[in-house]
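As structure tokens, the structure follows; a few thoughts come after it.
The values are calculated or read from the model by the stated rules, or taken from the named source; none is laboratory data. Here the structure is a predicted model, which means the values were calculated and not measured. Cβ: placed from backbone, ideal geometry, glycine included. Neighbour counts: every protein chain shown. All accessible areas refer to the heavy atoms of the entire protein, side chains included, with ligands and DNA or RNA removed. Shrake-Rupley method; radii C 1.70, N 1.55, O 1.52, S 1.80 Å.
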Amino acid sequence: MSAELSYTHGTGSTALLGDTIGANLDRAVAAWPDREALVDVPSGRRWTYAEFGADVERLAYALLGSGVAKGDRVGIWAVNCPEWVLVQYATARIGAIMVNINPAYRTHEVEYVLNQAGISLLFASLSHRSSDYRAMVEQVRGRCPRLRETVYIGDPTWDALLRRGTPDLYEDFWERGSELSCDDPINIQYTSGTTGFPKGATLSHHNILNNGYSVGESIAYSEQDRICIPVPFYHCFGMVMGNLAATSHGACMVIPAPSFDPKSTLEAVQQERCTSLYGVPTMFIAELNLPDFATYDLSTLRTGIMAGSPCPVEVMKRVVAEMHMAEVSICYGMTETSPVSLQTRRDDDLEHRTGTVGRVLPHLEVKVVDPATGVTRPRGAAGELCTRGYSVMLGYWNEPEKTAEAVDAGRWMHTGDLAVMREDGYVEIVGRIKDMIIRGGENIYPREIEEFLYAHPKIRDVQVVGVPHETYGEEVLACVIPHDAAAPLTLEELRAFCQDRLAHYKIPSRLQILDSFPMTVSGKVRKVELRETYGG
């Protein structure tokens, strides 16, 4: 008898939702009008579901009054705040496509996204840490012909926008709602590309609403839950697994801080009596390592989600025992699949939660194939992980050729990850087919950084690889062949060149000057040798 193949599909007792995001929110507002929907700990602002629904509608009216049509792209370049969430739901209400922009982006990256997506209206933070968003927008707006208006959160431009939402738009609002389909594109999320610039994964109501709902179902969310969300909203982790999982179950979204801070996170859990906490492993490590960790009352926690990179066994033990998260779940996914395909379940043992990334979610399929032939491998054999179902993106925005490279004729999304499916259907991720770097949960594609660094006057050739790092998992190493060996590049010069033009997590933290690169017989650079030689 032949070995069982590495294919499995998820069955579930709950049907897929056929709603738009707006219709689903309306249901939550009707069911739980007086329950809290959103809490912003830094500002102390709170919304019940009735208040949240009203403010979403008010912003939707304002967007209509600003001439935003169905399918128009509305960008949001902001740190975590209540306005981010309002924009998420208001754009969905009127069929506009929200484009998430990483707050760490600098002018080089944001200019590309504004133009590639054709953003006409941009919401932005005023500033955060070293980022002056208004100054950066002013720098690039002359080169972004489609951008007609920028609205800054916490600025008079926000109030001015809201004033456009006049009562005479009532009929337009309901007429627009009746024109929407759950299969309409509703969100573009940029994922780092292997050919220089990021690609815009285009997602529908159906994609992300069902994935958020399914993730929430797996950890038994109800209107009693309060979810602390320190992960960024611009990722699917925050806006889908966080926000949409919450609103589809009547749970409360709790924002602990504009960006991750371990102390603020634990304070929010304690103050708001959260039942669920999200994070990548490095976030949980930072929280556990706080000198006063033991003083926080985390007894209300029961669950949460850890994703982004593998969780060390000792960390998982402490999360379960010391943070009271007995039902914590591990998720695996990618932006292009809305994002989660695999998830551990509430009653899985420690080994499954640390040795695997779970099993397939309901209504999805996964398989492990030979990367060269596409033939499904036997269980226990490594190959490329592929997934299919409602969660697979509509495609990369305006890039049909790149879409065809990622999603095959059978609608299977090829993840690029090497995986092994166990006999019980649980999946282990064992490597990456391409050379993606994962630094603290952020996916970094070397090619994008290489394309950028080629513009440096001192660089003749460059190869970027990920090398081990104790805290972040990996860090970025740039291997450079200089134009002039007598005047080589310094790390300080390299980092200064990248400053304010690349997101901080993409800036190389290490530099190696070389005369040549190790090559294969076919003339390709042996990146694996660069990692092995200089990764110590």
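Observations on the structure shown:
- Cysteines (scope the chain) whose Cβ has no counterpart Cys Cβ under 4.7 Å: 81, 144, 182, 236, 252, 311, 331, 386, 479, 498
- Shape call, the chain: gyration tensor on alpha carbons, a/c limit 1.5: rounded
- FRET efficiency, 1/(1 + (r/R0)^6) with R0 41 Å, evaluated for residue 143 and residue 405 via beta carbons: 0.90
- For residue 186, nonlocal amide neighbours, meaning residues 5 or more places apart or on other chains whose placed amide H falls under 5 Å from its own, are 203, 204, 205.
- Using C-alpha pairs below 8 Å separated by at least 6 residues, the relative contact order for segment 183-291 is 24 percent.
- Per residue, the solvent-accessible area of the chain (1.4 Å probe, heavy atoms of protein chains only, all protein chains present) comes to 39 Å².
- Less than 5 angstrom separates the built amide H of residue 149 from those of 122, all sequence-distant by 5 or more or on a different chain.
- Short-range pairs are left out: with C-alpha atoms under 8 Å and at least six residues apart, the relative contact order of the chain is 14 percent.
- Residue 108 versus residue 519: modelled label distance in nm, points set 7 Å from Cα along the beta carbon direction: 2.6 nm
- Classified by the C-alpha gyration tensor, segment 266-333 has a prolate form. Its axis ratio a/c, with a ≥ b ≥ c, is 1.5 or above, and a/b is larger than b/c.
- Overall, the accessible surface of segment 1-159 at a probe of 1.4 angstrom is composed of carbon and sulfur to the extent of 50 percent.
- Here the 3J(HN,Hα) profile of segment 440-449, calculated from phi with Karplus coefficients 6.51, -1.76 and 1.60 at θ = phi - 60°, is x, x, 8, 7, 10, 9, x, 4, 4, 5 Hz, Gly and Pro shown as x.
- Proximity of backbone amide H atoms, modeled 1.01 Å from N, is registered between residue 513 and 480 at under 5 Å, excluding neighbours fewer than 5 places apart on the same chain.
- Global geometry of segment 195-270, whether rounded, prolate or oblate, following the gyration tensor of its Cα atoms and the 1.5 cut on a/c: oblate
- Here the Karplus curve 6.51 cos²θ - 1.76 cosθ + 1.60, taken at θ = phi - 60°, turns the phi angles of segment 323-338 into couplings of 9, 6, 9, 4, 9, 4, 10, 9, 10, 10, x, 8, 3, 5, 10, 6 Hz, with x standing for Gly and Pro.
- Normalised by the number of residues in segment 54-167, the mean separation of alpha-carbon contacts (under 8 Å, six or more apart) gives a relative contact order of 33 percent.
- Surface share of carbon and sulfur [accessible, 1.4 angstrom probe, percent] for segment 342-410: 49 percent
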